[in-house]
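Notes follow once the structure below has been shown.
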Amino acid sequence: MYKLLHINDVVRIPPEKFGQPLEKVASEVLRSTYEGVVMREFGAVLAVLNVAVSNVGKILPGDGAIFHRASFDLLVYSPVVQEVVEGEVVEVTDFGVFVRIGPMDGLVHVSQLMDDFINYDEKRGALIGKETQRFIEKGVNVRARIITVSLSGGASRSSKIGMTMRQPFLGALVWIEEDLRKVRGEKPEKAADEIKK
């Protein structure tokens, strides 16, 4: 889920930036501090927007910088348990697939892919269902439900998002289209991805 949060903080303006426009310098400092960082309480920070800085600053003993109060907005992505998301498969391994959902990647463990015995085709880089012959490979668009979230401060790589596709109308978007045709009683069509096989 994407959110826009309003934040009040103090920004440190270093001495080498004195004389430059205050709003511009404060924006640069805040962007370098917040953007690209995962914060446990907020999620992944994508952008710092609408920076407003007080003209009055404080000097602290032992530090040549000036500290100004600032208010700004943070655009964040915060994955929510039970949220249904769509994304692209960016990596396939023998234990599951990594799906890019916005600025983060989530893992769909092999046990959560489908109700079928699954084989890993290393040469093709795909996970294939034994009975259904449905497959997942890099570049496939999927729909999944988030089942676990563990955000840790710092880089987004250290955060963990677990997802499932073992429910009706979750999985590769091609599978969902096939299932919808079956429910409506329509004639099954060969999907473009399956014709390539």
Taking VAL149, VAL80, VAL11 and counting other C-beta atoms within 10 Å, the order from fewest to most: VAL80, VAL149, VAL11
Relative contact order (%) - criterion: Cα under 8 Å, at least six apart; region: the stretch 2-77: 45
Principal axis box of the stretch 2-77, alpha-carbon based, largest edge first, Å: 37, 22, 18
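When the convex hull of the C-alpha atoms of the chain is computed, what volume per residue in Å³ does it have? If you can, show how the numbers build up before the last one.
On the way: hull volume 32.3 nm³, N = 197.
Residue-normalised Cα hull volume stands at 164 Å³.
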Dipole of the chain, positive end: most advanced residue of ILE66, ASN55, MET165 [Cβ charges, Cα centre]: ASN55
Neighbour-count ranking [beta-carbon atoms within 10 angstrom, fewest first] of ILE136, ILE7: ILE7, ILE136
Helix 22-34 axis, angle to the chain major axis (alpha carbon atoms, nearest 10°): 40
ALA52-SER152 FRET efficiency (beta carbon distance; Förster radius 25 Å; 0.05 resolution): 0.25
Alpha-carbon Debye profile of the stretch 84-196, log10 I(q)/I(0) at 0.13 Å⁻¹: -0.49
Convex hull volume of the stretch 41-116 per residue (C-alpha atoms, cubic angstrom): 168
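Read-outs throughout are calculated quantities, based only on the coordinates presented, and are distinct from any laboratory measurement. Everything numeric here is computed off the predicted structure, so don't read it as measured data. Positions of Cβ are generated from backbone atoms using ideal geometry, with glycine treated the same way; all protein chains shown enter the neighbour counts.
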